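Here is the structure we will look at.
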Amino acid sequence: VTALDLLLPHEDLADAWRTARPRPAGRHLDTAACSRQSHRVLEAVAHHARHEAELGGYVAEATAGDLLQQGRSVIGGLVGMAAADVAFVESAQAALAALLAAWRLPAGSRVARLPGEYAPNAAMLRAAGLEAVLLAVDGDGRADVAALERLLATDPPRFVHLTHVASHRGVVQPAAEVAALCRAHGVPLVLDAAQSLGSVDVDLGADVVYSTSRKWLAGPRGVGVLCVRPAVAAHLQPVLPAPADLPPVRGLESGEAHVAGRVGLVLAVGEHLAAGPVRVRERLAALGRAGRRVLDGAGGWRVVEPPDEPTATTTLRPPDGVDVVATRARLLTEHGIVTTAAGPERAPGEMTGPVLRVSPHVDGTVDDLEALAAAL
Ligand SMILES: *Cc1c(COP(=O)(O)O)cnc(C)c1O
């Protein structure tokens, strides 16, 4: 490992991010599970809840209407869509559920997806009666674009579902190429951006993008977003259509909701934009590169991702006989290091065993990574 490998850009961003939020109790390397909210986001959420008590919940929601609409606009901008294409939901999973329920595709409709699909997504596609067509992938689980092109040309599925960055592996899918091919063949692309919105460019031309608040955008828990281009939205039939004065996608937005959490997400997205999405991506990618160099081989653990993959998520395979769940618990209780143990049930089509997932946000340091390596 050379000094150059460990050089992280944008230290000012790390400092600003760190001072903007409560001091962590230990070393938080678990953004892929849940990030840490800023003081301003926490205060906005509390402020809205107080407004509900003072004004009445529905009056408070109406007063937040402009802010929420700005949020739809900004979130739409991050994925190349308009405010009218954005609905707030409760989570990424709730977004996919709302999409599939409203799409009402005939049972047996074919949907192309990765073999390493996140198990809850695969289960929801199956429960909607959709038949999985597995995309060809390389040894890292990355979609084979040429094979996809042949599939789209010869036997196109009803839609392609792509998880942009997996939960169990910090590998970025070639989503821009996939989007261009899908567009050329008139096949909708549905993108799971739960691990990419806020960490990787998601403005790629997908027809549907869904994501969650609490991971790389560092918003509150219990909030997600569903963004649908008009061409797909025209085919959706929500149980209760949106009122005539609202865009059709709003029929997918849950009526009863943690409105304070939505307000918090809007603030968090504003902070992300103020930090500079490109700078955030650059620092996260550098943290991933540094982490893989520092962690590979530590205590016999081996890095799964290619070393220069542009994500901050690193997963580690244990040495023989070492239990990942017990290691994760020991890191937390003895060293104050927060990570995730991910078992093969998370992506049974791809994982052959459990991994330890390490995912710092921009405040992460080489010192954090070296402390983890020493602990392992
Ligand atoms: C976390 C995650 C989800 C689910 O997000 P929720 O907000 O918990 O529903 C979906 N897909 C991927 C890739 C994830 O990492």
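For (1) in contact with a strand residue (DSSP E or B) (Cβ under 6 Å, 6 or more places away or on another chain); (2) among the acidic types (D, E); (3) on the phi < 0 side of the Ramachandran plot, each residue gets a yes or a no:
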site	(1), (2), (3)
A3	no, no, yes
H10	no, no, no
H28	yes, no, yes
A32	yes, no, yes
S35	no, no, yes
R40	no, no, yes
V74	no, no, yes
L78	no, no, yes
A82	no, no, yes
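For the subset of region 94-132 comprising residues that are more than 16 Å from the ligand (Cβ to nearest atom) and in a loop (DSSP other than H, G, I, E, B), which member is nearest to M351 (Cα to Cα)? Looking at the filtered set, the residue picked out is L130. From the list V171, V190, V145, V137, exactly one residue is of a type outside the set (F, W, Y), touching a Pro at 6+ places or on another chain (Cβ under 8 Å) and over 19 Å from R346 (Cα atoms). Which is it? Unique residue meeting the criteria: V145. Looking only at region 91-101, residues that are surrounded by fewer than 21 Cβ atoms within 10 Å (Cβ to Cβ) and either within 15 Å of R229 (Cα to Cα) or out of contact with any Lys or Arg (no Cβ under 9 Å at 6 or more places or on another chain) (or both) come to 5 in all. Looking only at residues of region 143-193 that are of a type in the set (V, I, T) and more than 30 Å from L284 (Cβ to Cβ), we find that the one that is surrounded by the most Cβ atoms within 10 Å (Cβ to Cβ) is V187. Taken together, the residues in region 240-261 that are farther than 27 Å from E43 by Cα and without any contact (Cβ under 8 Å) to a residue 60 or more places away in the chain amount to 8. Only strands (runs of 3 or more DSSP E) whose full extent lies in region 182-299 are considered here, and the ones with at least 1 residues that are away from the ligand (no atom under 16 Å from the Cβ) and either within 17 Å of E90 (Cα to Cα) or of a type in the set (S, T, N, Q) (or both) are 224-228. Looking at region 191-250 only, could you name the residues that are among the β-branched types (V, I, T) and touching an Asp or Glu at 6+ places or on another chain (Cβ under 8 Å)? Passing the criteria: V223, V228, V232, V249.
Since every read-out is calculated from the coordinates, none of them should be taken as a lab result. Note that the structure is predicted; figures quoted are calculated from it, not measured. No Cβ is skipped: glycine too gets one built from the backbone with ideal geometry, and neighbour counts run over all protein chains shown.
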